Amino acid sequence: MDSGQKPARKAGNGEDSIYWDESKSRYIGAISLGYTPSGQRLRRKASGRTKAEVRKKLRDIRAEMAKGERTPAHYTVKQAVEAWLEQGLKGKAESSRSTYQSLAATHIYPHLGSAKLRELEADQVDAWLDDRKEALATTSLRLVHSVLSRSITHAQRRGRVPQNVATLVSVPDGKAGRTSKSLSLEQGTAVLNVGEGTWIHTYAVLALLVGIRTEETRPLTWDRVHTDPADGSEAHIDVWRSVRRHGETKTQKSRRSLAMPRRAAEVVRVHKARQQAACRATGRDWTTDGLVFPADAGGVRSAENVRRNLRGLLKEAGFPDPSVWTTRELRTSFVSLLSDHGLRIEDIARLVGHSGTQVTEKVYRKQLRPVITKGAEAMDEIFGSSEDASPSS
């Protein structure tokens, strides 16, 4: 404080206290909130470069208190998001919780996490979104904004903040999303001819030749796989559940039974016999309610685990950069190869469980042809049965 500056008058009882803090080079204001049962004094503080700034902050605090708000002075954005993740997602699927946690840890905590929640301004949220739009696609950008907004609403309902500033901003467009790809016939053949005898080879065969979604394949149990039906019907898979909430498939039309091409049925038979032998060797019982593709520690494999193993298979198949491929692109390839072979778009839509042809045509199909045939028969014609398959390299 300058030598010519008069010392601040001592505040009377019930008045706000404002004083100069030499160590911080700022004015500090404090409001007395009484005492705890143990006799410890309760105070709320604010700081600023001028007394006028501090007085405004103290008035805001008193306004909050008049509304019954109970915002801790140091309650941060990160604490608000963590509270929402802990308390606001009851009944949500674990996969959703994991997605929100990952988005928060990657895109919220490093940039806004340490900000005081009651001091967060719309301009800060705007600047944050502008920065994140360079790293996230539009859908992901909207989702991460939703995580922040819902977290602040959760805090608002508990009296920790008077206003949700995240609702005052518009979400900009993010970077262009990655365009999905389709395997060519040559690439698909290479994938089918490597890694035989491994679970990921069987997984890739089902995804590429039958076209079921990864969230439908990972929880698949043996009682839904019919390689040799007792009624003499063709080998098929009942796609009746997924890893989604309550085990439901994506849509009503996603609940379907799909014929397996001869090559796929034979690969699955061998995989089943291999799994049964492994159970006998370790003294475990093999049951039809067991998973077709269990994780090493038991339970359903994660999407990341499948993706990592698939990329290993692609590397073995000679792909120059396996990291640019994802598991869902086996399903994209299923659609494109059938279309290229001549299967009608309406038939392909039924095979992949779409409620109409729009998504099939715009998102999945990469080539167009006009002829009609059945999916399993078409795949046998495209890749041949197991007897016709080339030996693995």
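For the range 77-168, just say rounded, prolate or oblate: build the C-alpha gyration tensor, square-root its eigenvalues into a ≥ b ≥ c, call rounded for a/c under 1.5, and beyond that prolate if a/b exceeds b/c, oblate if not.
Details: a/c = 1.74, a/b = 1.02, b/c = 1.72.
The shape class here is oblate.
Between T167 and K51, how high is the FRET efficiency from 1/(1 + (r/R0)^6) when r is the Cβ-Cβ distance and R₀ = 30 Å? Nearest 0.05. Walk me through the numbers before you get to the answer.
Working: r = 33 Å, r/R0 = 1.09.
Efficiency for this residue pair is about 0.40.
Suppose R0 equals 35 Å. What FRET efficiency, 1/(1 + (r/R0)^6) with r the Cβ-Cβ distance, do S114 and A176 give to the nearest 0.05?
Working: r = 31 Å, r/R0 = 0.89.
The computed FRET efficiency comes out at 0.65.
In nm, to one decimal, how far is the E94 label point from the D126 one, both placed 7 Å along Cα→Cβ?
Here the modelled spin labels are 4.3 nm apart.
If each residue of separation counts as 0.36 nm, what is the full-extension length gain between R328 and D296 once their alpha-carbon separation is subtracted?
Values: separation 32, 0.36 × 32 = 11.52 nm, distance 2.20 nm.
Additional length available on full extension: 9.3 nm.
Which of Y109, Y100 has the fewest other C-beta atoms within 10 Å, and how do the rest follow up to the most? Please list the in-between numbers first.
Numbers: Y109 16, Y100 23.
Ascending Cβ contact count within 10 Å gives the list Y109, Y100.
Each value in this text was obtained by applying a stated rule to the coordinates, not by laboratory testing. Because the structure is predicted, anything quoted here is derived from the model rather than measured. All Cβ positions, glycine included, derive from the backbone under ideal geometry; neighbour counts span all protein chains shown.
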